[in-house]
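The values are calculated or read from the model by the stated rules, or taken from the named source; none is laboratory data. Worth saying up front: this structure is predicted, and the values here are computed from it rather than measured. Cβ coordinates were reconstructed from backbone atoms using ideal geometry, including for glycine residues, and neighbour counts include every protein chain displayed. Side chains are part of the model used for accessible areas, which takes the heavy atoms of the whole protein and leaves out ligands, DNA and RNA. Shrake-Rupley method; radii C 1.70, N 1.55, O 1.52, S 1.80 Å.
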Amino acid sequence: MLSRVPVRGIDDFRAELIARSVWSWPLVGLLLAGFALLPAMLVYTLTANTLIFAIVALAGMVLLTGSMHEDGMADCADGFGGGFERARKLEIMRDSHIGTYGVVALILCFGLRLILLSAAGDAGQAAILFLVMAIVSRAAMPVVMHVLPPARADGLSQGAGRPNLMMVGLGVSLAAILALVLSGVLATLAILLSGILAVGLVALVAKWQIGGQTGDVLGATQIMTELFIGIAFIAIL
């Protein structure tokens, strides 16, 4: 669900196990971002260009995640923007084709992330922001899973079920601790507040549009949380 990295030794995967793993999702974000940073830092050492650094770092994350979250963002944009009734919105979101709303959403999201990372790089904080965005945004998805019911009677989200509040809280606490270690007290406060705002906004829109959450909504939550965190981080530099 969170990456395309193959994991050995899991032969009895069941969807309901997803809800039990949500506490560890910030650690997955840390691991993925750490791997994506390796080529980005190498390129930055050779070029000293923050925009090139940002492009390579994001490309690394796309390869590691298989663009799963970006796919969710695009599907939500197409479904929420292109459908008039709940059933039609869900149908569009499940369609493998991408529409105008999805394309525009991806362009805007990638463009803003590049600008945010580049701006952080000017202050020598690009790697920190990249790590924090990856960590906290993956703690945000279980919150939406907990507060919203599944919008479909089938699918991965329905099978996963509602995560336990303690597991959700543990994931959020872990993300907050990691953010504090990486960025300091003031930045962590801004990051958490912006994350809460992003989660609240996505949850309200999803509830209004389709009556609940799906895997696509969770992907959109991850992307939107990254953007809100990035804006807050740059605002306090």
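Here each label is just a point 7 Å from Cα along the line to Cβ, and for residue 91 and residue 21 those points are 3.3 nm apart.
Derived scalar couplings between HN and Hα for the range 162-179 equal 8, x, 5, 4, 5, 5, 5, x, 5, x, 5, 5, 5, 5, 5, 5, 5, 5 Hz in order, rounded to whole Hz, by the Karplus curve 6.51 cos²θ - 1.76 cosθ + 1.60 (θ = phi - 60°), x for Gly and Pro.
At a Förster radius of 30 Å, what calculated FRET efficiency corresponds to the Cβ-Cβ distance of residue 48 and residue 8, to the nearest 0.05? It would help to have the intermediate numbers written out before the result.
Details: r = 39 Å, r/R0 = 1.31.
After rounding to 0.05, the efficiency reads 0.15.
For the chain, modelled as a GNM with alpha-carbon contacts under 10 angstrom, which of 77, 33, 87 fluctuates the most? In the Gaussian network model the winner is 87. The H on the amide N of residue 213, modeled in the peptide plane, is under 5 Å from the matching H of 151, each at least 5 residues off or on a different chain.
In percent, rounded to a whole number, the relative contact order of the chain is 29, using alpha-carbon pairs under 8 Å and six or more apart. Probe radius 1.4 Å, ligands and nucleic acids ignored: give me the carbon and sulfur share of the accessible area of the chain as a rounded percent. Summing carbon and sulfur atoms, their accessible area is 70 percent of the total for the chain.
FRET efficiency for residue 35 and residue 186, Cβ-Cβ distance as r, R0 = 35 Å, nearest 0.05?
Values: r = 28 Å, r/R0 = 0.81.
For residue 35 and residue 186, the calculated efficiency is 0.80.
For the range 207-221, the Karplus equation 6.51 cos²θ - 1.76 cosθ + 1.60, evaluated at θ = phi - 60°, returns couplings of 4, 5, 7, 10, x, x, 10, 9, x, 5, 5, 5, x, 5, 4 Hz by residue, with Gly and Pro reported as x. Against the set [x] 1.02; [y] 0.96; [z] 1.12, the structure's computed Rg/Rh (Cα atoms, Kirkwood Rh) falls on [y].
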